[in-house]
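The structure under discussion appears below in the form of structure tokens.
The values are calculated or read from the model by the stated rules, or taken from the named source; none is laboratory data. Predicted model only: the values in this text are computed from it and were never measured. Quick reminder, even Gly has a Cβ in these numbers, built from the backbone with ideal geometry, and neighbours come from all protein chains shown. When the accessible area is computed, the model is the full protein with side chains, heavy atoms only, and any ligands, DNA or RNA have been set aside. Shrake-Rupley method; radii C 1.70, N 1.55, O 1.52, S 1.80 Å.
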Amino acid sequence: MIHEIFPVGPLQCNCSVIGDEQSREAMIIDPGDEIERVLDSVRKHGLKVTLIVVTHAHIDHIGGAAKLKAVTGAPVVMNQNDSALLKMLAVQAMWIGMRPPERVKIDSSAGDGDKLRAGNLEASVMHTPGHTEGSVCLYFEPEKKLIAGDTLFAGSIGRTDLPGGSFEKIMRSLHQRVLALPDETIVVPGHGELTTIGRERETNPFLVGNS
């Protein structure tokens with residue numbers, strides 16, 4: 001697996017470029033901004049983007065998806081439960097003082113249990129509501145790697161005070177779904193440094209004693 005992670009945009013969302021070394025097919029996860037930087041990574045590794053995945057419809061994760069789709073022609077997938085948030089991109093832009101991005105058309109919904117593929121790489125979709133209604137995590141089982149969106153961070157969890165957020169739901173998603181993964185699973189949060197399931201189980205103040 002080729003996996004390059006870099007923060008993009010004013011809120012420094014972790015964007016992932018994930019490529020299959022054999023087929024050179026790639027999926028881009030959370031292209032929030034700085035699409036030229038994303039494309040530079042794609043070209044550097046000799047990849048062809050075949051899928052664009054959005055973990056949830058907050059502007060810092062989806063803001064560059066329309067531009068990336070226009071350049072690559074790759075379909076965009078997002079969980080349908082975030083459709084209302086998608087319609088609020090202009091409002092979200094006002095919240096953080098930036099210009100509204102181009103509205104992106106979602107080609108298909110990323111539903112719980114769906115398999116998303118790029119060449120020989122396969123990610124299982126885990127619907128993990130709480131940060132938003134349509135938040136999803138992507139689990140690459142052979143690589144034991146979780147792209148967690150804004151559901152889980154190193155030492156913290158996603159905020160639940162924005163539209164569609166629910167503390168009760170995010171805790172249920174974390175305890176019933178995310179913490180069921182092996183301790184050695186590498187977690188790529190939506191922002192900040194990487195961690196592991198085991199580390200968060202032992203040290204995350206929101207999870208200690210509740211797993």
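Odds and ends about this structure:
- Of all residues in the stretch 43-60, those satisfying the criterion of being under 18 Å from the mean Cα position of the chain (by Cα) and under 25 Å from N120 (Cα atoms) are V49, T50, L51, I52, V53, V54, T55, H56.
Table: residues versus (1) farther than 14 Å from A57 by Cβ; (2) buried (at least 16 other Cβ atoms within 10 Å of the Cβ); (3) at pLDDT 95 or above.
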| site | (1), (2), (3) |
| --- | --- |
| Q92 | no, yes, no |
| R99 | yes, no, no |
| A110 | no, yes, yes |
| G149 | no, yes, yes |
| M171 | yes, yes, yes |
| P189 | yes, yes, yes |
| E193 | yes, no, yes |
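- Among the residues of the stretch 147-189, those identified as over 17 Å from D112 (Cβ atoms) and either in contact with a Cys (Cβ under 6 Å, 6 or more places away or on another chain) or part of a helix (DSSP H, G or I) (or both) are F167, E168, M171.
- Every pair of residues 6+ apart whose Cβ atoms lie under 9 Å, when the first sits in the stretch 77-101 and is outside any loop (DSSP other than H, G, I, E, B) while the second is open to solvent by 70 Å² or more (accessible area, probe 1.4 Å) and of a type in the set (A, V, I, L, M): I96/L11
- Filter pass, T132 being under 22 Å from H191 (Cα atoms) and of a type in the set (S, T, N, Q): yes
- The stretch 195-211: number of residues that are open to solvent by less than 40 Å² (accessible area, probe 1.4 Å), in a loop (DSSP other than H, G, I, E, B) and within 20 Å of H127 (Cα to Cα): 1
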